[in-house]
Each structure stands twice: as structure tokens, then as C-alpha cells.
Amino acid sequence: MSLLVKNGRVIDPANTTDGVQDVLIAHGKIERVGKRLEAPAGAEVVDAARKIVCPGFIDIHVHLREPGHEYKETIATGTRAAAAGGFTAVACMANTSPVNDNRAVTDYILATARADGTVRVHPIGAVTRGLRGEELAELAELAEAGCVAFSDDGTCVMNAGLYRRAMEYVLPFGLPVISHAEDAPLARGFTMNEGVVSTELGLPGAPAAAEDVMVARDILLAELTGAHVHIAHLSTAGAVRLVREGKSRGVRVTAEVTPHHLLLTEDAVRTFDPNTKMAPPLRTKRDTEALLEALVDGTIDCIATDHAPHALAEKEGEFDAAAFGIVGLETAVALLLDRLVRPGLLPLATLVSRLSRDPARLLGLRGGSLAPGAPADVTILDPDTEWTVDPARFRSKSRNTPFGGFTLTGGPWMTIVGGNVVQAVQAFGQRGAAVRAAAEGEASL
């Protein structure tokens, strides 16, 4: 099937494109980008006037929970949430049950994604067996099976010697090690950021140093080994400084930031809403300002949601006992458009780059570009749509968000994966508002 997207403002940082053009899609690939393209016979046409046409957005840090925790999320529901949020691909962390520390689990994830997934799914393998931090997982086997990176996300590998060996071991594969940078003894028992607010609220806090110490260690190990280390969910000004300094020395270090660490501070915890409890915790205004500056200047390479679904019962009750984490796939893009792009704090082209070209390059993924021959993964944004975040309408199985009730301007309008419309805000041709038409066999590519 051919599809012609007409009259949209095309922003493609990978090809330095920013202007009103048409995008022709055929046989699951980008056929051509240019002005006033003619629709081939039988092609469907999308009028994207006053819309923004981008390479498909990629979220390199999500928790799809399957296998083992399907009561929170499944690959089917998580990828539907991704499509609704404008993402055409996700990379899923290894903290499933069983842990993705061997080929059998990776094969299961990829097979389920092909059968039930709406967007592309890229597995991330564990660094250590069972995420216990004691011995290396089958890293070569995981790479061969299709893992795009390695991480014990959710826990920090505290054994520096073991982490060094992991970095050395993965060098031939050319894949990054993703660090959950949190010194366990320093952060033990925390529920929020350590500081004035935690003292006022009487809640145990984790100091910013708990993150900074491990970021420093991991950058030094990357410098020692020559490996690529990626720092997940950066949250402190100190960690930003360390990443910036590491890059200036030529260390292969990259980093990501979440929307919630850009937009919320520790003051949000004053409500005692368990949906403000996350790891790493919400930090200070100084930290959010440093994160935004780093995102703009490229010190931080990409934006990732750290989508962490939890059942309602796990987020109810006392703040101390609630689970860490929030869902983010369905709110991230709209929040960033409304709270950062509209006020002029983040250039639109930079946002598009940090969600498409940059994560694709970071993990070596196909996509992130609208060049002819590239996979036809396209995210179309409506910068003017107004809507209110209603967790009850999420495609995700879980509702744990601190952004419920937020009124936002701007958001995803259409999501195209492999040339197929998998999500559209309004009717398109003969299809309804929530189209499920992922390309056969493409969901995991």
C-alpha cells in the first residue's frame, strides 16, 4: 500500500529538513520527500496541513512487564500506549519475570511483539544473572538473539570489577551498557530526594550524591575500557556536569532524561501523592534547570519516559510503602510540547531530534530519519490540539501518573509504523480513530 502525507511541516533533523513538504510512503519504506508530490494510483492521502511530520519517535527506556507481570502491563497494551503517545518503537528493560538474561526470554519478547505488538519492540538484556549483580548474564547469547543494549535497570551493579568486565565483554558487539546510577548504601530506604522538603515532610531521602557517585564511577570505567556507557534517567545537576566533562574528554558516554525530571520538582511530593514517588526521585529546581540546559546543548542525548506501570494497589496507601515509578508513554510528547516548546524553552527541532534521530543513533536502530529507503515510521504532531490528561482513557493497563487533570496544548495526531497507520486522532479514509494495522512481522524489527 502507498500512502502520501501532504502539506505538513516536515522536521527531519537527520537530513536537516524543516519546511512544508510531502512524504510518499510505499512498501513500508520512505519513497520520497518533496514539494507537491503526486499520489500514485490507489494511494491513500493524508492532509497534514498545520501539522508537524517527524521521523518516528523512539523511546529507549520502557518497562513492558511481560513476561511475568502482565497484571501491570503487557506487550500488547504497552505498545498500544506507545502508539497513542506518538512512539513508533520502544526498547524494553530486562526486569521481567523471568529476567531477560538468556535467549529464551528475548525470543519470547520478540515473538510476542510480532504477534501482538503495535509498534517496534527492541529488547534490552540484563547485565547480570537475575539482576543480582553477582555474575554476568549470557551477554553474547543475548546480543545474538537481538538485544540492543544491556542493563540491570531498577538496580545498580555495585560491583565495579564486575561492571568493568561487562563493559569489556560487550565491546565486540558494539552495544551500550545502560547504567541505573544509584549508590545503594547511600540511597537505602529513600522515598524522595534528600533536602529541605524531605526534612519538612519527615520522609527518608536519597542525596543527589547517590547518583553522582555512580555516574562518576561508570564514566571512569567507560574511559578505562573504551566501552559505551549510557546513563539512564539523569536527574541531578552534578551528574550533568560529570557527563559533560566525560564527553569533553572523549569518553563514550551518553545520557537520557525523563519528562518528569524535566517538569516536576521535589515540591510535588508535598501532596503525598504516591504518583510523585519514583527512582531516581524528583529533585530540586536547580536540577531541573541543569537538565533542560543539558538537553538543549546536547550533553543529554535523548528523552526517554522510563514508562513504569503499576497496579492500583501498588500505588495506594502510605507514601513510604508505594511502588516507585510512573507511566509516561501517553503523556510525554504532549507534556514536552506544552510545557517546554510552547514557552520557548526548547526548540521544536531539538525536541524532534532528541526523540527520533538521537535515540536511533544511540542504539544503532533503523529509523530516526525520513530519508528515501528508511523504514516508514512517522510521527505526526498537532501543535494546536487541546486536551486534558485523563488516566481512565489510557491504553496502558496502568494509571499511575502525576499528570492526571493537566490541560495541554499539542500532542500526537497520527502514528505510522512500517507504512501502516497504527494510531490516528481522527478518521482516516475508511478507518476509525484508533487503527490497529502494524506491518506483518515488522513489530520487532
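Which numbered condition in (1) more than 17 Å from Thr299 (Cβ to Cβ); (2) without any contact (Cβ under 8 Å) to a residue 60 or more places away in the chain; (3) buried (at least 24 other Cβ atoms within 10 Å of the Cβ) is the only one that Ser151 fails?
Going through the list (1) more than 17 Å from Thr299 (Cβ to Cβ); (2) without any contact (Cβ under 8 Å) to a residue 60 or more places away in the chain; (3) buried (at least 24 other Cβ atoms within 10 Å of the Cβ), Ser151 breaks only (2).
Please tell me if Thr385 is modelled with pLDDT of 95 or more, assigned by TED's automatic domain parsing to the domain that holds Gly419 and β-branched (Val, Ile, Thr).
Yes; evaluated as a whole, the condition is true for this residue.
I'm trying to understand the selection: among the residues of region 96-119, which are hydroxyl-bearing (Ser, Thr, Tyr) and either crowded, with 18+ Cβ neighbours inside 10 Å or within 18 Å of Ala140 (Cβ to Cβ) (or both)?
Thr96, Thr106, Thr112, Thr118
Is it the case that region 82-95 has a residue that's crowded, with 24+ Cβ neighbours inside 10 Å and among the polar types (S, T, N, Q)?
yes
Out of the helices (runs of 4 or more DSSP H) lying entirely within region 287-406, which hold 1 or more residues that are of a type in the set (Asp, Glu), buried (at least 19 other Cβ atoms within 10 Å of the Cβ) and in contact with a Cys (Cβ under 8 Å, 6 or more places away or on another chain)?
The helices (runs of 4 or more DSSP H) meeting that bar are 357-363.
Here is a list: Gly161, Gly125. Which entry is out of contact with any helix residue (DSSP H, G or I) (no Cβ under 9 Å at 6 or more places or on another chain) and in the same structural domain as Thr305 (by TED's automatic domain parsing)?
Gly161
Return only the number of the condition from (1) closer than 15 Å to Thr276 by Cα; (2) touching a helix residue (DSSP H, G or I) at 6+ places or on another chain (Cβ under 7 Å); (3) of a type outside the set (D, E, K, R) that Ala349 does not satisfy.
Going through (1) closer than 15 Å to Thr276 by Cα; (2) touching a helix residue (DSSP H, G or I) at 6+ places or on another chain (Cβ under 7 Å); (3) of a type outside the set (D, E, K, R) one by one, Ala349 breaks only (1).
Which residues, counting only those in region 266-286, are surrounded by fewer than 20 Cβ atoms within 10 Å (Cβ to Cβ) and without any contact (Cβ under 8 Å) to a residue 60 or more places away in the chain?
The answer is Thr271, Lys285, Arg286.
Which number in (1) under 26 Å from the mean Cα position of the chain (by Cα); (2) closer than 25 Å to Ala91 by Cα marks the one condition that Glu223 misses?
It fails just one condition, (2).
Quick grid of which residues meet (1) more than 17 Å from Val177 (Cβ to Cβ); (2) modelled with pLDDT of 95 or more; (3) of a type in the set (Phe, Trp, Tyr); (4) in contact with a Ser or Thr (Cβ under 6 Å, 6 or more places away or on another chain):
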| site | (1), (2), (3), (4) |
| --- | --- |
| Asn95 | no, yes, no, no |
| Val99 | no, yes, no, no |
| Ala104 | yes, yes, no, no |
| Leu110 | yes, yes, no, yes |
| Thr118 | yes, yes, no, yes |
| Thr128 | no, yes, no, no |
| Glu134 | no, yes, no, no |
| Ala140 | no, yes, no, no |
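Considering only region 70-91, I want to know if a residue exists there that is within 24 Å of Leu335 (Cα to Cα), among the basic types (Lys, Arg), at pLDDT 95 or above and not assigned by TED's automatic domain parsing to the domain that holds Phe150.
Within region 70-91, none of the residues are within 24 Å of Leu335 (Cα to Cα), among the basic types (Lys, Arg), at pLDDT 95 or above and not assigned by TED's automatic domain parsing to the domain that holds Phe150.
Name the one entry in Ala181, Ala208 that is closer than 27 Å to Ser356 by Cα and among the aliphatic types (A, V, I, L, M).
Ala181
Please verify whether region 340-351 includes one or more residues that are under 23 Å from Ala237 (Cβ atoms), touching a residue at least 40 places away in the same chain (Cβ under 8 Å) and among the β-branched types (Val, Ile, Thr).
Yes - at least one qualifying residue is present in region 340-351.
Would you pick out the residues in region 201-226 that are charged (D, E, K, R) and in contact (Cβ under 8 Å) with a residue 40 or more places away in the chain?
Answer for region 201-226, where residues must be charged (D, E, K, R) and in contact (Cβ under 8 Å) with a residue 40 or more places away in the chain: Glu211, Arg217, Asp218.
For residues in region 249-272 being of a type in the set (Asp, Glu) and either assigned to a helix (DSSP H, G or I) or more than 21 Å from Asp212 (Cβ to Cβ) (or both), which is nearest to the chain's Cα centre (by Cα)?
Going through the qualifying residues, I end up with Glu266.
Tally up the residues in region 169-200 that are in contact with a Gly (Cβ under 7 Å, 6 or more places away or on another chain), in contact (Cβ under 8 Å) with a residue 60 or more places away in the chain and buried (at least 21 other Cβ atoms within 10 Å of the Cβ), please.
Here the count works out to 3.
The values are calculated or read from the model by the stated rules, or taken from the named source; none is laboratory data. The structure displayed is predicted, hence computed values, not measured ones. Positions of Cβ are backbone-derived with ideal geometry, glycine not excepted, and every protein chain shown enters the neighbour counts.
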